[in-house]
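Note sheet for the following structure.
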Amino acid sequence: MLNADETKVAFDGPEGKFAINMIARLVNEGGMPNLDQPSMRAAFAAGKTGFHITSTSDLNKVTQMTGGKFALKTIPFPDVASPNGRLPAGGNVVLILAKDKAKRDAAWEAVKFWTGAKGAAIMAETTGYMPPNKVANDVYLKDFYVKNPNNYTAVGQLPLLTKWYAFPGDNGLKITDVIKDHLNSIISGARAKEPEAVLADMTADVQKLLPKTTGTAR
């Protein structure tokens, strides 16, 4: 996303152009509608859209919403170009804030269960999320994946996963919003015919928001 010392935008190269042109193709050639998440999910479940790109956490909900009206199949994220193509993993965190030792100890037991093999397996079975636990995948969910191959697709993409990138400095969250706004100008149709111009403008706007010095703490 940025260069090695995080002082200059690096998403404006061939990979960035490939990605932004793909978004424009979804709009220009695929007729992708500009919908919010609930509307997008409902349109797909009603059979009004052909495919649905979303978080794995949506899988159980979408499966229930389709109700067997058509065959639902998950596939690996398309066109992740090798050898350097990657998928950023989302992330959740558990914090224990209790000051009382008894409460801290009790909370720690809960955290160990949630993140352990059994708890992670329950989470995977009830949402569609990929569990962050190898034992959960290899032992607890082995038979579950045989019966529910749609849930295994995410696990099969493990070799492609990389960390979620966080932009440095005080403007980190603002940069994310700037990128979203530029991408939405394509998805809304306003600038769908000029994706590389959008990329150039997005690059310039993000560059202005980066820290002026190196080594800025996140």
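The values are calculated or read from the model by the stated rules, or taken from the named source; none is laboratory data. The shown structure was predicted, so the numbers you read here are calculated from the model rather than taken from an experiment. So basically every Cβ, Gly included, is an ideal-geometry build from the backbone, and we count neighbours across all protein chains shown. Areas reflect the complete protein model, heavy atoms only, side chains present, ligands, DNA and RNA absent. Shrake-Rupley method; radii C 1.70, N 1.55, O 1.52, S 1.80 Å.
So the values come out like this:
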{"quantity": "Selection count, the stretch 160-175, where residues are part of a helix (DSSP H, G or I), under 15 Å from P211 (Cβ atoms) and open to solvent by less than 60 Å² (accessible area, probe 1.4 Å)", "calculated": "2"}
{"quantity": "Test: residue in the stretch 35-44 that is in contact (Cβ under 8 Å) with a residue 24 or more places away in the chain and open to solvent by 60 Å² or more (accessible area, probe 1.4 Å)", "calculated": "no"}
{"quantity": "Some residue of the stretch 202-213 being without any contact (Cβ under 8 Å) to a residue 60 or more places away in the chain, open to solvent by 80 Å² or more (accessible area, probe 1.4 Å) and farther than 20 Å from D5 by Cβ", "calculated": "no"}
{"quantity": "Restricting the stretch 127-154 to residues that are at pLDDT below 90 and surrounded by fewer than 16 Cβ atoms within 10 Å (Cβ to Cβ), the residue that is farthest from G85 (Cα to Cα)", "calculated": "K134"}
{"quantity": "Hits in the stretch 2-34 (condition: of a type outside the set (S, T, N, Q), surrounded by 12 or more Cβ atoms within 10 Å (Cβ to Cβ) and in a helix (DSSP H, G or I))", "calculated": "E15, G16, K17, F18, A19, I20, M22, I23, A24, R25, L26, V27"}
{"quantity": "Filtered residues of the stretch 72-90 (kept if of a type outside the set (S, T, N, Q) and open to solvent by less than 70 Å² (accessible area, probe 1.4 Å))", "calculated": "L72, V80, A81, G85, L87, A89, G90"}
{"quantity": "Single residue of G50, G68 found to be free of Cβ contacts under 8 Å to residues at least 24 places away in the same chain, open to solvent by 60 Å² or more (accessible area, probe 1.4 Å), closer than 23 Å to S185 by Cα and in a loop (DSSP other than H, G, I, E, B)", "calculated": "G50"}
{"quantity": "Residue in the stretch 188-201 that is nearest to G31 (Cα to Cα), counting only those that are assigned to a helix (DSSP H, G or I) and open to solvent by 50 Å² or more (accessible area, probe 1.4 Å)", "calculated": "E196"}
{"quantity": "Filter result (assigned to a loop (DSSP other than H, G, I, E, B), more than 21 Å from the chain's Cα centre (by Cα) and farther than 19 Å from D58 by Cα) within the stretch 87-145", "calculated": "L95, I96, L97, A98, K99, D100, G116"}
